[in-house]
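See structure below.
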C-alpha cells in the first residue's frame, strides 16, 4: 500500500473493528456448547486493563474506536482523560484504572505532552444514563458468551472500596473475566 | 423519545401554532378597539378556538379542551351577533389566551396544578355568564330583503346573521351567479371567491336553481359589496359570474329611526368621501345590470328572468326607472338599485353608503413601524360592565414568553435545496472514492500529477458544497424576531393597564432574522426591559403633562441587522435614569467604595445598574429610575454572546441597546495557543489584542493588571488559570474580552488567526466543566475547546473581588 493510500485511509475514517463481526465470530466458536436450552448465555465484551481481563455486557457497548487525538479538558476531574471527536460527535473519554486500583494516577494521553497511544489501545464507547462515554482500554479481546452458571459473585476481597464497580466474576475455561458495572465505573 | 412524549410534543407544537394565530388576531381586534370588529377576524378566532378544542380533546387535555369549549361558545355568540364585542368581552378573550398559554405550559411539563385548574374553571364559568345583548332592531331587517323563503331556509345561522347585519347596515347586496364546468368548478369557485374578497363579503355560497348545463354546475353567491357596481363588474371581468342586485325594502318607520341613528356617522363620511354627481350615480349600476342581462338573454335566446327566482323585480323596470329620475328611488319595490336607507339620505344609495360604513376601517399598515396603541381608560366603564378585565388571582405578568416547542417551521423549498446539496455531495463522494480506489490499486506506482490535480479539484468542490450546505442549514434555523415582538406587544397591553399609564408601543424591524435559539432566549430579557420601561421609565400621564411632554409615552422596540450582528433597542421617552440616585444606592449597598464613586464617569455610574445585588424589591419603589434584576438580563445576554449598553438622559428617556450575534451555531473565532494547546475565543467578545512584555504587567494589591490607555485592565494568564505547564515567553498576547460591561485581558502564548467554527456543546456528562463553552473541529479530527468568555470574566472578577 502506497504512502498516499495510507494517507487516504487516514482521511476516510473507518471503524476498524465492528462489534457485529466479533459477535459472528464468537457465535461460531460457541456452537457446541449451546446444548442446555434453559441456560441463555449473555454476551460480554472482554478487554484488558493492565494485563487483567475485564468484561462488560455487550448491550452497553455502542462501538469500539481506535484512539483518536484526545483533547484535555482543563481543570477537569482526574478520571476524565479528555474529549474525542467521533464522526462529529463530542465524547468524553474516561480512565477507570484508578478507580479499579490498577494505577496510581491516570495516564497522560491528551495534550501536547502525551505520547502516541499504544497500538492496541482502544476506546469503548459505552451507553450510559447520562449519554455516551468513552472508556480507555489497553486492548479488546473479543466477545465472550457467559451462561448464568459461569458467573460468580465477586469475592469480598476483590471489591474496590468505595464503589461496587465489580459485579462478579465470569469463569470460562481457564480465563477469569472481571465483570464491571459501567455506570458505577464511570460515576463521578 | 417514547411515542407518548412524541405525541405530546406534536400536540404542544400544534397548539402553540394555533395560539400564536389566535393571539395575532386578538391583537388586531385589540388595536381596533372601539371600532366595529371585522367579522372575518372574529370568525377566524372562533375557528382557532374550535380547532384547539378538537386538538386538546384528541390528546386528552381535559382542561384545555373545556376552556376552549367555553371560548368557542362565547365566540359563537359573538360572531352570530348575540353578543357585542365590547371591552369586557375582548379583555376576557385576552385573558383566556393567557390561560391557554399557562395550560399548555403545564401540559408540556406533564404537570397539572390545582390553582390553574381553579382559575380555568372560574374563567369558563365567567365566559358563560358574559354578555351584553347586542343592539337588536325591533324588526328583523332580513324581512326587508326579498328572498325566496326556500333559499332563506338553507342558510346557516351564521350566514343568516351576516346577511341580516348587511341588510341592517344597508350594504348593497348582490347575487353573483356563476356556472362552472364540473371538472374544475372548485378551482373556478376559489378564484371567484378570491376576486370577491377584496370587494366585500361573501355571505353564502349556494347551489344555483338554474341548471349549469350538461357538464356544469352553477352557484349563487350572496355577496355584500363594499365596492360600487362598476368596481364589482371590473373585478369580475373574465369570470363566468353574472351580477344581479338583491332588493331590500326600505325599513318601516320604527326601524328607520334606529337606522338613522346607526347610519348617521356613516352617511356623513360617505358624502365627504366621494364627490360625484348625485343624479347620475344611482342609475348607473342598474343600467349596467339591465344591459348585461339583456345582452345575455339575447345571446342565449332564453328568458333569463324566468330563471331568477331570487329577483322578483325585473331588470328592465329598474333600468327604466334609473333612467327616469332619482326621485323615484324612495318608492319601495321600484328600485332595482340596491337601495339603502333612501328616506334618510336620498343621495346615499348603496354604492355611496358602502364605502362609508365598512364594518372595519383598516388602519394603514405602515411599512417600517407598526404601531400598537394601548390606551388605558379607567376600568369600570359603567354598571353594565363588571371589571372582569383584571381577574382575581391572575398570576403576575412575568410568566416566560419562551415558546413551549422546540420546532422550527422551514419552507419546503429550503429543505429541497438542502437535499439537492446532499445529492451533489454524494456525487463528490463517489468521485473521491474512485480516486481512492485507483490510488490503492496502483499501489507503489508513483502518483501522477494529473491524479493530484483531480483530487484537488474534487476537494475544492467538496469544500464549496459543504459551505453551501452549512449556510443552508443556518438559514433554516433562522426565524424573524417579530415572533417575539408580537408576544411582547400583547404583554405591553397588560402591563400598561396594571401600571395605569398611557403607552404607545412602537415595533420596528420585526422581519430581521435571528437563530431560533437566540430568539427564544431573547424573549425573557426583552420582556424584562420593556416591563422596566413601563413600570419605572415612563412617568404617569399627569406627570408627563406637567413636564411638558405629550400625555402618551412612547416605548419602542426596534431591531436592525448590522453585518453579523443584530441590534435591538428598547427605548422609552420617560424620565431617564437618575445617575446620582444610582450612585447612592450602589454606595449604600456597598457595591462600590466612596473612592471608586468619586472617579466614576456618568456612563460608568449608569452601568452600575447591571451589577448583581444592585436591585432588590425595595429599591424599585425607592428609585425613580429602574433596576429590577438587570443583572439577570445581562447574564442572559452574556449567555448569547450578546452585549448590553445603556443610554439615558434625565427627562428625555432611556434606551437599552442589545447587540447579538445572528447565530450561535457558527461563529467566527480567534484561535489562540497556550502551552502548546489550542483554544478558540469567540470573536464577537474580543475587543482588541495587545502585545505585552512581561515587564508591562503590574501588580496592584498582588493582583496582576495592565495599564491600557490610562485605564486599569484586570489581567489573567490562561495557562495559570487552566493549571497548564507555563512556558517562559518573551512577550504575551493579551486578548481583551468584553461582555456587557466587563473587560478582562487574557494572556496567551500565540495567536493562530481567525476561523469560522461550528461549536458543539460539551454534552450531558461534561456540564460541570468551567470556562469551556463547547468544542469545535479545526479539521484533521483535532478537537479544539472554545472558551466560555462569560464564565472566565465572571471568574476573573470574582477573583478580583476576593483579593480586593
For the list (1) farther than 15 Å from residue A:186 by Cβ; (2) assigned to a strand (DSSP E or B); (3) facing another protein chain (nearest Cβ under 8 Å), I need the number of the one condition that residue A:83 fails.
(1)
Among the residues of segment B:773-789, count how many are more than 7 Å from every other protein chain (Cβ to nearest Cβ) and at pLDDT below 80.
3
Please determine whether any residue of segment A:45-56 is over 14 Å from the mean Cα position of the chain (by Cα) and away from chain B (no Cβ under 14 Å).
no
Output the number of the condition that residue B:31 fails; it satisfies all remaining conditions of (1) within 19 Å of residue B:127 (Cβ to Cβ); (2) in contact with a strand residue (DSSP E or B) (Cβ under 9 Å, 6 or more places away or on another chain).
(1)
Are there helices (runs of 4 or more DSSP H) fully within segment B:483-601 with at least 2 residues that are crowded, with 21+ Cβ neighbours inside 10 Å and not assigned by TED's automatic domain parsing to the domain that holds residue B:684? List them.
B:516-532, B:579-588
Any residue at all in segment B:695-706 that is outside any loop (DSSP other than H, G, I, E, B), out of contact with any strand residue (DSSP E or B) (no Cβ under 9 Å at 6 or more places or on another chain) and farther than 30 Å from residue B:612 by Cα?
yes
Is it true that some residue in segment A:91-110 is within 14 Å of chain B (Cβ to nearest Cβ) and free of Cβ contacts under 8 Å to residues at least 12 places away in the same chain?
yes
On the basis of being loosely packed, with under 14 Cβ neighbours inside 10 Å, assigned to a helix (DSSP H, G or I) and either within 14 Å of chain A (Cβ to nearest Cβ) or at pLDDT below 85 (or both), does residue B:720 make the cut?
yes
Looking only at segment A:69-78, which residues are surrounded by fewer than 20 Cβ atoms within 10 Å (Cβ to Cβ) and more than 7 Å from chain B (Cβ to nearest Cβ)?
A:77, A:78
Of everything in segment A:130-149 that's closer than 15 Å to residue A:94 by Cα and in a loop (DSSP other than H, G, I, E, B), which residue is farthest from the other protein chains (Cβ to nearest Cβ)?
A:138
For segment B:674-688, name all the residues that are more than 30 Å from residue B:529 (Cα to Cα) and either surrounded by fewer than 16 Cβ atoms within 10 Å (Cβ to Cβ) or outside the structural domain of residue B:754 (by TED's automatic domain parsing) (or both).
B:676
Residue, modelled with the highest pLDDT, within segment B:747-772, restricted to residues that are away from chain A (no Cβ under 12 Å) and farther than 12 Å from residue B:672 by Cα:
B:757
Given (1) surrounded by fewer than 20 Cβ atoms within 10 Å (Cβ to Cβ); (2) under 24 Å from the mean Cα position of the chain (by Cα); (3) outside any loop (DSSP other than H, G, I, E, B), residue B:663 misses just (3)
Go through (1) at pLDDT below 85; (2) farther than 18 Å from residue B:645 by Cβ and name the single condition residue B:513 misses.
(1)
Looking at the structure I just gave you, is residue B:28 touching a residue at least 60 places away in the same chain (Cβ under 8 Å) and within 19 Å of the chain's Cα centre (by Cα)?
no
Given B:234, B:178, which one is at pLDDT 75 or above and surrounded by fewer than 17 Cβ atoms within 10 Å (Cβ to Cβ)?
B:234
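The values are calculated or read from the model by the stated rules, or taken from the named source; none is laboratory data. Owing to the predicted nature of the structure, the values given are computational and were not obtained by experimental measurement. A quick note on method: Cβ atoms are made from the backbone with ideal geometry, for glycine too, and the neighbour counts reach across all protein chains shown.
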